[in-house]
Amino acid sequence: MPGDATLERPLPHNLEAERSILGAILLDNHALNAAIEKVRSDDFFLPQHRQIFERMVQLGEKQQAIDIVTLMEDLSRRGELVQASNDERLLTAIIPSANVVTTANELARFYEIFRRGGELDGVRVMRPETVRNAMTEQSHLEVDLSLGFPTRFGYGLMLGSQLLSLYGRDTQHAFGHLGFTNILAWADDKPPLTPVAETPWQGRWGKGG
């Protein structure tokens with residue numbers, strides 16, 4: 001019936017406007033007061049936007065700074081970080097390279113996604129084929145001209161090796177990556193342990209499930 005088709009149409013919304021509101025609050029926390037006067041969390045179309053706005057309001061009520069770090073920590077503490085960042089633009093984007101600002105615990109949980117076939121806390125974060133491609137050898141053990149060291153590569157991950165590897169001997173199941181300058185992180189599927197070495201003089205171990 002025509003009436004049924006009308007009911008199935010999505011409500012009018014403007015995702016760019018929603019992102020602009022959230023971005024403005026991150027840039028200037030005083031913008032939260034103006035936003036609260038104009039909109040409620042229910043006014044946001046995307047559930048992720050509603051979730052983030054609600055957390056921003058709660059941080060503001062506690063007189064806490066609202067920035068990327070505090071917002072991510074709050075969402076992570078509530079177990080909502082994966083859901084709130086499950087944005088289609090991030091899932092479908094092709095990003096040649098990117099930098100990450102993270103803690104050892106967060107990075108260990110990121111590698112845990114690969115170990116669990118693309119899931120974390122019961123939420124599907126990556127498609128199985130994405131994980132498989134990332135952990136399947138795409139180049140044989142050969143000297144990387146940037147590192148000057150023999151390295152196996154998957155799509156986005158540096159893979160370990162039985163004899164010669166950045167991660168030591170008998171690490172053919174390991175995967176990870178070098179970060180900026182002296183940062184290294186890796187995980188090994190056997191045993192289920194995700195080590196994260198943040199610097200040569202300070203390392204932390206994030207235990208996998």
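The values are calculated or read from the model by the stated rules, or taken from the named source; none is laboratory data. No experiment lies behind these values; they were computed from the predicted model shown. Neighbour counts are summed over all protein chains in view; Cβ atoms, including those assigned to glycine, are modelled from backbone coordinates with ideal geometry.
Residues in segment 144-201 that are in contact with an Asp or Glu (Cβ under 7 Å, 6 or more places away or on another chain) and either of a type in the set (A, V, I, L, M, F, W, C) or at pLDDT below 70 (or both) were compared, and the one that is farthest from Val131 (Cα to Cα) is Ile183. Only residues that are in contact (Cβ under 8 Å) with a residue 24 or more places away in the chain and out of contact with any strand residue (DSSP E or B) (no Cβ under 8 Å at 6 or more places or on another chain) were counted in segment 103-125, giving 5.
For the criterion of being surrounded by 16 or more Cβ atoms within 10 Å (Cβ to Cβ), in contact (Cβ under 8 Å) with a residue 24 or more places away in the chain and either among the hydroxyl-bearing types (Ser, Thr, Tyr) or touching a Phe, Trp or Tyr at 6+ places or on another chain (Cβ under 8 Å) (or both), Leu157 passes. Scanning segment 102-118 for residues that are at pLDDT 85 or above and among the β-branched types (Val, Ile, Thr) turns up just one, Ile113.
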